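Shown next, in structure tokens, is the structure this report addresses.
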Amino acid sequence: MHSSVVTFGALITLILAGAPVAHAESEDLKLSFGLRAGYGLPLGTARGGEGHYNMDLDEVVKGIVPAQLDVGTFLGSRVYVGASFQYAVGLAVSSCQGDCGVSAMRIGLNLSYHHPWSEKLSPWVGLGVGYDFLDADQLPSITTGQLEPTSSYGRLEGFEVGNVQGGIDLNVAGPVWFGPYVTGTLSRYDGPDARFHSWFMGGLRLLVRR
């Protein structure tokens, strides 16, 4: 998993290194900025294994409300490379009593292709990798299946093996674009009982494209 992140990072570095070739000689790289907001659903299992209770992600958090910042550059008019930071407030499950705070965070690298369908419409698809964090006041025990304070667990974190993204950008004015997006991730938290889990997210994105 670590090698996939390194490989993807190296690929983006190589693309950026060759960016001047993709631009006119008089052009410099220009940063583009994006802001996303939406809603996400938890899928899969955070921890578990033979002889243990599975810690399904939807037993930890009912859903998340993510906000994401994207910073990158367009190579030519169609290929985007960049980095992202996402922070999400989690919605506690109904079985949680007492302190039930939940939050999630993702950092990553992204590569996407934007098709200029028209001057005002640009559908896009992309791939990415990164790192995934989850903080919760209570987590289900893999030995009892009951929610317990997380002092004995600490933060859950691990590599995001990959994600798939897509959306439609609509030109609002000049460099400003706005439209819906969806993202699906595949991650695995560190630990001997780790299992694969996913976040499926959708919402709206504001993009200042330069």
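What follows draws every value from the coordinates through simple rules; no lab data is involved. On a predicted model such as this, the values are computed, not experimentally measured, just so you know. So basically every Cβ, Gly included, is an ideal-geometry build from the backbone, and we count neighbours across all protein chains shown.
Structural remarks
- A simple spin-label model places pseudo-atoms 7 Å from Cα toward Cβ; at residue 58 and residue 155 they are separated by 2.7 nm.
- Length gained on full extension, residue 118 to residue 164, computed as 0.36 nm times the residue gap minus the Cα-Cα distance: 14.2 nm.
- Between residue 33 and residue 176, full extension at 0.36 nm per residue minus the direct alpha carbon distance yields a gain of 50.5 nm.
- Convex hull per residue volume in Å³, alpha carbons only, for the range 22-141: 129 Å³
- Distance histogram in 10 Å bins (all Cα pairs of the range 96-137, percent per bin): 22, 26, 23, 18, 10, 1
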